[in-house]
Amino acid sequence: MIIETKKRTIFKTLSWRMVAIINSWTILSMGFVESNFWNAIIMNISGLVFFYVFERVWSKINYGRKSV
């Protein structure tokens, strides 16, 4: 059985927040469309894609994993 350490969880959480902030800032500052609603939809869809990729990358990283 493999568990995640608290350090891994904290590092993963903080790194995800950085990705999410950059995503939000990029979408909101570029303002792809005039509507705030559609910019929010675009931001959420791109966030979904980034989160999927983020999790796939983290699944390959062994930092902070322990075998029990």
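Values in this text are rule-based calculations from the coordinates and carry no lab data. Values in this document were obtained by computation on a predicted structure and should not be read as measured data. Using ideal geometry, Cβ is built from the backbone for each residue, glycine included, and neighbour counts are taken over all protein chains shown.
I'm trying to understand the selection: among the residues of segment 29-68, which are small (G, A, S) and either within 20 Å of K6 (Cα to Cα) or within 15 Å of the chain's Cα centre (by Cα) (or both)?
S46, G47, S59, G64, S67
Run down I3, I42 and say which single residue is in a helix (DSSP H, G or I) and of a type in the set (A, V, I, L, M).
The unique qualifying residue is I42.
Scan segment 5-28 and give yes if some residue there is surrounded by 10 or more Cβ atoms within 10 Å (Cβ to Cβ), over 18 Å from the mean Cα position of the chain (by Cα) and of a type in the set (A, V, I, L, M, F, W, C), otherwise no.
Checked against the condition, which is being surrounded by 10 or more Cβ atoms within 10 Å (Cβ to Cβ), over 18 Å from the mean Cα position of the chain (by Cα) and of a type in the set (A, V, I, L, M, F, W, C), segment 5-28 yields no hits at all.
Got a number for residues in segment 36-47 being without any contact (Cβ under 8 Å) to a residue 12 or more places away in the chain and either touching a strand residue (DSSP E or B) at 6+ places or on another chain (Cβ under 9 Å) or surrounded by 11 or more Cβ atoms within 10 Å (Cβ to Cβ) (or both)?
Residues meeting the conditions: 5.
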